[in-house]
1. Could you list all residues from the stretch 58-89 that are closer than 13 Å to M1 by Cα and either within 14 Å of the ligand (Cβ to nearest atom) or basic (K, R) (or both)?
2. Which residue, of N115, N144, is touching a residue at least 40 places away in the same chain (Cβ under 8 Å), of a type in the set (S, T, N, Q) and more than 17 Å from D22 (Cβ to Cβ)?
3. Would you confirm whether any residue within the stretch 43-52 is modelled with pLDDT of 95 or more and under 24 Å from the mean Cα position of the chain (by Cα)?
4. With a cut-off of at least 2 residues that are open to solvent by less than 70 Å² (accessible area, probe 1.4 Å) and at pLDDT 95 or above, name the strands (runs of 3 or more DSSP E) lying wholly within the stretch 99-142.
5. Read through the list (1) within 16 Å of the ligand (Cβ to nearest atom); (2) at positive phi; (3) open to solvent by less than 40 Å² (accessible area, probe 1.4 Å), then give the number of the only condition that Y13 fails.
6. Where residues in the stretch 26-57 are within 13 Å of the ligand (Cβ to nearest atom) and either outside the structural domain of Q157 (by TED's automatic domain parsing) or not in a loop (DSSP other than H, G, I, E, B) (or both), which of them is nearest to K105 (Cα to Cα)?
7. Cβ contacts < 8 Å: first residue over 20 Å from G128 (Cβ atoms) and not assigned by TED's automatic domain parsing to the domain that holds Y25, restricted to the stretch 68-94; second residue away from the ligand (no atom under 13 Å from the Cβ) and open to solvent by less than 40 Å² (accessible area, probe 1.4 Å), any location; separation 6+ or different chain. Result?
8. Can you tell me which condition F83 does not meet? The list is (1) in a helix (DSSP H, G or I); (2) modelled with pLDDT of 95 or more; (3) open to solvent by 20 Å² or more (accessible area, probe 1.4 Å), and all the others hold.
Amino acid sequence: MEIHFRQANAGNYLSAARGKKDILYLVIHFTANDGDTAQNNADYFARTSTSTSAHYFVDENEVWQSVHDADIAWHCGTRGTYFHPYCRNANSIGVELCSRMKDGKYYFRQGTVDNAVQLARTLMQKYGIAPDHVVRHYDVTHKNCPAPFVENAAAWQDFKRRLIEEVDDMTADEVKKLIAQSKTVYGTADAVPAWGRATVDKLVQKGWLKGEGGSDGLNLPEEVLRVLVINDRAGIYGE
Ligand SMILES: [Zn+2]
């Protein structure tokens, strides 16, 4: 995925030269704004020294990086209590999702969540981060962040599920192709090729092989047909 970069103001992060093994967690946040963009945030943190930062900002169209992965961003620290035993700024990457507001509640646009899933998967692969090391800011300090994933636990579970789903990156056409490659299925007795037809007719006649509508709707995979034909040749189904 394309990731734009605009370096944050030097007052917003710690230059750290972290190695691959130092990055153990991904922390997900929301911007708590209504309709901001990833670039808005990158621009803001570049020109303003606020002693806060995140590595990435995501909206429905773009991903902007503000702090290099090797540097420490200030996104999940607290002077209060930590509720996560290990996850800290020093060993994590912070990802902020741009939010919107409706009826007094924050929400994410679908495209923003989709882009965040893709970014998270990319970073997990790059640093060997396990799915259970992808956490919410809430899990670290109990701050209501990201609100749409704290107030709706099912939405967070769905986000987590998508981090490990294999078919996510496949288009519908690729999935269809894979299914087509994996097996030939004969829908009806008429569709069965000559080499298997006598066997199928026999089994249907005996009532041992039934489709949803008699000899229709058989949905017989080719591998299964081969076994039936071999059995038939061996005399297992009689005359
Ligand atoms: Zn946060």
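The values are calculated or read from the model by the stated rules, or taken from the named source; none is laboratory data. What you are looking at is a predicted structure, and each value in this text was computed from that prediction instead of being measured. Here Cβ is always computed from backbone atoms with ideal geometry, including for glycine, and neighbour counts include all displayed protein chains. Accessible surface is based on the protein model in full, side chains and every heavy atom, while ligands, DNA and RNA are left aside. Shrake-Rupley method; radii C 1.70, N 1.55, O 1.52, S 1.80 Å.
1. V58
2. Going through N115, N144 in turn, just one is touching a residue at least 40 places away in the same chain (Cβ under 8 Å), of a type in the set (S, T, N, Q) and more than 17 Å from D22 (Cβ to Cβ): N115.
3. Among the residues of the stretch 43-52, not one is modelled with pLDDT of 95 or more and under 24 Å from the mean Cα position of the chain (by Cα), which makes the answer no.
4. Hits in the stretch 99-142: 134-136.
5. (2)
6. Our first condition is that a residue be within 13 Å of the ligand (Cβ to nearest atom); within the stretch 26-57, this holds for 26-33, 41, 52-57.
Those left that are additionally either outside the structural domain of Q157 (by TED's automatic domain parsing) or not in a loop (DSSP other than H, G, I, E, B) (or both): 26-30, 41, 56-57.
Numbers: L26: 25, V27: 22, I28: 18, H29: 16, F30: 13, N41: 21, Y56: 23, F57: 20 Å.
By that ranking, first place goes to F30.
7. none
8. (1)
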